[in-house]
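> Here's a structure for you.
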Amino acid sequence: MAVRREEILKLIETVPDEKLHELEKMIKILTMPEEEATEDEIKAIEVARKEYENGETYSFTIDQLRKEFLENE
């Protein structure tokens with residue numbers, strides 16, 4: 001089932017004023033153009049995969065990441 005823009009606009013109208021800043025950031029993320037990864041980014045991904053395979057990574061919940069992202073903006 002496709003979501004229509006009119007439905008989204010109705011939902012936006014229900015967002016409390018104090019949460020509009022968060023909504024704006026989320027919309028900006030969703031509307032960012034997709035880019036090809038650079039060589040440095042590809043290397044960083046490879047390093048991260050190796051760290052993950054070796055158990056050298058940390059787990060974060062989506063709420064922790066969202067909070068960190070929103071606090072740094």
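The values are calculated or read from the model by the stated rules, or taken from the named source; none is laboratory data. Computed from a predicted structure; not experimentally measured. Cβ sites come from the backbone with ideal geometry, for glycine too, and all protein chains shown count toward neighbours.
> Of these, Lys19, Lys50, Lys25, Lys43, which one is in a helix (DSSP H, G or I), among the basic types (Lys, Arg) and in contact (Cβ under 8 Å) with a residue 24 or more places away in the chain?
Answer to the selection: Lys25.
> Under the condition of being assigned to a helix (DSSP H, G or I) and exposed (fewer than 10 other Cβ atoms within 10 Å of the Cβ), which residue from the stretch 53-71 is modelled with the highest pLDDT?
Selected residue: Glu53.
> Let me ask something else about it. Looking at (1) more than 24 Å from Ile8 (Cα to Cα); (2) assigned to a helix (DSSP H, G or I); (3) modelled with pLDDT of 90 or more, can you tell me which one Ala37 breaks?
It is condition (2) that Ala37 fails.
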